[in-house]
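What follows is a short report on a single structure.
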Amino acid sequence: MDSEINLQKATFGGGCFWCTEAIFQAVKGVSHVESGYAGGNVKNPSYREVCSGLTGHAEVIQITFNHGIVGYEQLLEIFWNTHDPTTLNRQGADEGTQYRSVVFYHTDEQRRLAEEYKKQLQTSGTFKDPMVTEISPLNSYYPAEGYHQNYYVQNQNQGYCQFVIRPKVEKFRKKYSEKLTG
């Protein structure tokens, strides 16, 4: 029962949701990661609609996490260090507003923490270029179609998983080994 009390949600967009989902699924204290769409003006959008760039939605992941095990600040750290928050509407070969860097906050406390962390990163010189990560309230969220869920785990032999997702996951696992599940 205590673990349910500590459950919170975080919603991040860091490019392709398949990549970000695979990273956060490995984090100790994360109980569920779901790929979806947020930030746009179309209700219940399809993947095809979001890919058009006309819905205003970003590909995001919604994380359910136990705040008693992993804090929101730690999730922000992982988020900002596993994608490029300095490229506007682009991550690698993926281009368009649907791939923007964005933190959708659920509470005023999450907003405050995200803004403080972003400011800290900007002033520290961690990134050579200015950060373009949007910090916005989560007004709506729509789960992506079933075939997008748990994508990397279910499609590890697929080319995109082998050449794009796997190197990101391996780099993450090496850098954050103390934050990983068993």
Note to self: Kindly evaluate LEU113 against the criterion of being among the aliphatic types (A, V, I, L, M) and touching a His at 6+ places or on another chain (Cβ under 8 Å).
What the structure shows: no
Margin query: Condition (residue is modelled with pLDDT of 95 or more and crowded, with 19+ Cβ neighbours inside 10 Å) applied to the range 149-164: is it met by at least one residue?
Written below: yes
Next item on the list: State whether the residues of the range 26-33 include one that is within 9 Å of the chain's Cα centre (by Cα), under 22 Å from ASN155 (Cβ atoms) and either exposed (fewer than 15 other Cβ atoms within 10 Å of the Cβ) or touching a residue at least 40 places away in the same chain (Cβ under 8 Å) (or both).
Entry: no
Margin query: Can you report the number of residues in the range 123-154 which are free of Cβ contacts under 8 Å to residues at least 60 places away in the same chain, of a type in the set (Ser, Thr, Tyr) and closer than 19 Å to GLU77 by Cα?
Written below: 4
Note to self: Which count do you get for residues in the range 134-170 that are within 23 Å of VAL103 (Cα to Cα), assigned to a loop (DSSP other than H, G, I, E, B) and not hydroxyl-bearing (Ser, Thr, Tyr)?
What the structure shows: 6
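Table: residues versus (1) assigned to a strand (DSSP E or B); (2) under 17 Å from GLY15 (Cβ atoms); (3) modelled with pLDDT under 95.
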| position | (1), (2), (3) |
| --- | --- |
| GLU73 | no, no, no |
| ILE78 | no, yes, no |
| GLN110 | no, no, no |
| LEU113 | no, no, no |
| LYS119 | no, no, no |
| VAL132 | no, yes, no |
| LYS174 | no, no, yes |
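The values are calculated or read from the model by the stated rules, or taken from the named source; none is laboratory data. Treat the numbers as computed from the prediction; the structure is a model and nothing was measured. As a convention, Cβ positions derive from the backbone with ideal geometry for all residues, glycine included, and neighbour counts pool all protein chains shown.
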